[in-house]
1. So with the 1.4 Å probe, I'd like the accessible area per residue for the chain, rounded to whole Å².
2. With a bin width of 10 angstrom, please list the P(r) values of the chain as percents of all Cα-Cα pairs, from the 0 bin to the one holding the largest distance.
3. According to a simple spin-label model (label point 7 Å from Cα along Cα-to-Cβ), what is the distance in nm between residue 111 and residue 5?
4. Which whole-Hz ³J(HN,Hα) couplings does region 15-31 yield from phi under the Karplus relation 6.51 cos²θ - 1.76 cosθ + 1.60, θ = phi - 60°, glycine and proline marked x?
5. Please tell me the relative contact order of the chain in percent, rounded to the nearest whole number, where contacts are Cα pairs under 8 Å and at least six residues apart.
6. Hand me the trypsin sites (Lys or Arg not before Pro) from region 69-124 located in a DSSP loop with no more than 15 other Cβ atoms within 10 Å, in residue order please.
7. For the pair residue 89/residue 15, report the inter-label distance in nm, with labels modelled 7 Å from Cα in the Cβ direction.
8. Determine the gain in length on full extension of the stretch residue 120-residue 65; use 0.36 nm per residue of separation and subtract their C-alpha separation, reporting nm with one decimal.
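The values are calculated or read from the model by the stated rules, or taken from the named source; none is laboratory data. Since the structure is predicted, the reported quantities are computational estimates derived from the model, not experimental observations. Neighbour counts are summed over all protein chains in view; Cβ atoms, including those assigned to glycine, are modelled from backbone coordinates with ideal geometry. Note: accessible area is taken over every heavy atom of the protein model, side chains too, but ligands, DNA and RNA are not part of it. Shrake-Rupley method; radii C 1.70, N 1.55, O 1.52, S 1.80 Å.
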Amino acid sequence: MSAVMGWLIPLAVGTATGVLSGFGVGGGTLLLVYLTAVAGADQHLAQGINLLYFLPAALLALPAHKKNGYLDTKALPWLIGSGLICAALAAWLSSGLEVTLLRKLFGGFLIVVGLHEVFSKVRS
């Protein structure tokens, strides 16, 4: 791989994941696909990188979403509380799973979400 391609592809992926993260729709998912399918990272490593990526991306996108009224503050305590508990449990569970199974589960998740997006009706 040439020196230019060595940084150009990660830059393009970072740009795309940043845009998607700013919209609040799937930047981390794209990052996981890139890290595992293109960059050859182990699924566990890719998940860790994705978690670190998500924190600053979310913090930078949050003010714009708040300004535009896209936060339901009444639901936040329930969402955050249940999300933290389930994230801790899932992280503990996934650390014990074989990488092959984890990749298959993630692939299945992508297929289900993709099919839902293709066949669901747009709500106004």
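1. Values: 9450 Å² over 124 residues.
With the other protein chains kept in place, the chain gives 76 Å² per residue.
2. Reading upward from the zero bin: 11, 33, 39, 15, 2, 0.
3. 3.0
4. 5, 5, 5, x, 4, 4, 5, x, 6, x, 9, x, x, x, 5, 4, 4
5. Details: 45 pairs, mean separation 23.8, N = 124.
Contact order relative to length: 19 percent.
6. Working: sites: 74, 103, 104, 121, 123; in loops: 74, 121, 123.
Answer in residue order: 74, 121, 123.
7. It is 4.2 nm.
8. Details: separation 55, 0.36 × 55 = 19.80 nm, distance 2.44 nm.
Gain on extension, residue 120 to residue 65, equals 17.4 nm.
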